[in-house]
Amino acid sequence: MHGRDTALSLATGVILAATLTATNVRPVIAAAQSSSKLQQVLSQMDAASKTFKTAQADIKRVHLEKIVNDTSTESGTVYFQRNGGTTQFGGRFGPELKIVEYKNGTVRLYTAASKHVDQVSASGANQGRVETFLTLGFGGSGSELAKAWTISDQGTESLSDGAKTVQVEKLDLVSKDPSVRQNYTHITIWVDPVRDVSLKQEFFDPTGNTDTATYSNIHLNQPIDTKNYTIPCDSKGKCS
């Protein structure tokens, strides 16, 4: 900005200098505050993960196919159970019954309509990737989250957990594993760091499609009745 006389130039220079100084300082302060809050959130998750044993919740999943702007929805229940250093998972979804199970490094998906089970064994690095996804806010420690993901803290929000409202931290995650980034450019989670559980997760793939999961009525560290999550098929895929 240029003035037409000396006085105006000096005045403009003072205002411009003040504006630039304020502009440069605010992002530094904001970044420092964000970093401090993120460390606090990760520390809370670290503490909560030490006492995490189980979680069970209602779930609603919405898939958006961006190119045709079409969505599909399914609802159900899920559970997470910590067994030593590994996590066991089960999910039951409708309206067409599907049961998914992750146990001992093996993922199994049962579809009732066809009485068919798909099975994939994960080992080594692949097993680590599976468990990295499973523990996105469900019993995973903050320090482990920071090892696997580049994290951006996007602030505090309020979400409903059934009958109550919970303060959650919105964290955007970019995987440090290139193979994961080929499937998901980034993932956003809304985590309650005090309980170390997610109330919402949104997955973004490279084509612009999204998968959004919302969790409610979360019950923490209570006995899990796994009968509803039992797949009626044997290890060879024969279903009753």
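General observations
- Taking each residue as 0.36 nm, the span from Ser114 to Ser43 lengthens on full extension beyond its C-alpha to C-alpha distance by 21.0 nm.
- Placing a pseudo-label 7 Å from each Cα along the Cα-to-Cβ vector at Asn217 and Thr106 gives an inter-label distance of 3.1 nm.
- With each label modelled as a point 7 angstrom along the Cα→C-beta vector, the Glu144-Arg181 pair spans 2.3 nm.
- Dipole-positive endmost among Asn83, His116, Val100 within the stretch 48-122 (Cβ charges, Cα centre): Asn83
- Annotation: lysines with alpha-carbon distance below 25 angstrom to Lys200 (same-chain offsets under eight excluded): Lys37, Lys50, Lys53, Lys60, Lys66, Lys98, Lys103, Lys147, Lys164, Lys170, Lys176.
- Under 19 Å from Lys227, Cα to Cα: aspartates and glutamates that are on another chain or at least 8 residues apart: Asp58, Glu96, Glu101
- Where trypsin sites (Lys or Arg not before Pro) fall in DSSP loop in the stretch 49-81, at most 13 other Cβ within 10 Å: Lys50
- Relative to the Cα centre, the charge distribution of the stretch 37-112, modelled as +1 at Lys and Arg Cβ and -1 at Asp and Glu Cβ, gives a dipole magnitude of about 320 debye.
- Using distinct alpha-carbon pairs, which all enter the 1/r mean, Kirkwood radius of the stretch 53-154 in Å: 15.3 Å
- Inverting the pair-averaged 1/r between distinct Cα atoms of the stretch 120-240 gives 16.1 Å as its Kirkwood hydrodynamic radius.
- Distance in nm between pseudo-label sites at His63 and Lys227 (7 Å out along the Cβ direction from Cα): 3.1 nm
- Straight-line cross-link partners of Lys236 among the aspartates and glutamates, defined as a Cα under 13 Å from its Cα and at least 8 positions apart when in the same chain: Asp118.
Values in this text are rule-based calculations from the coordinates and carry no lab data. Every value quoted in this text rests on a predicted model; they were computed, and no experiment measured them. Here the Cβ is made from the backbone with ideal geometry for all residues, glycine too, and neighbour counts use every protein chain on show.
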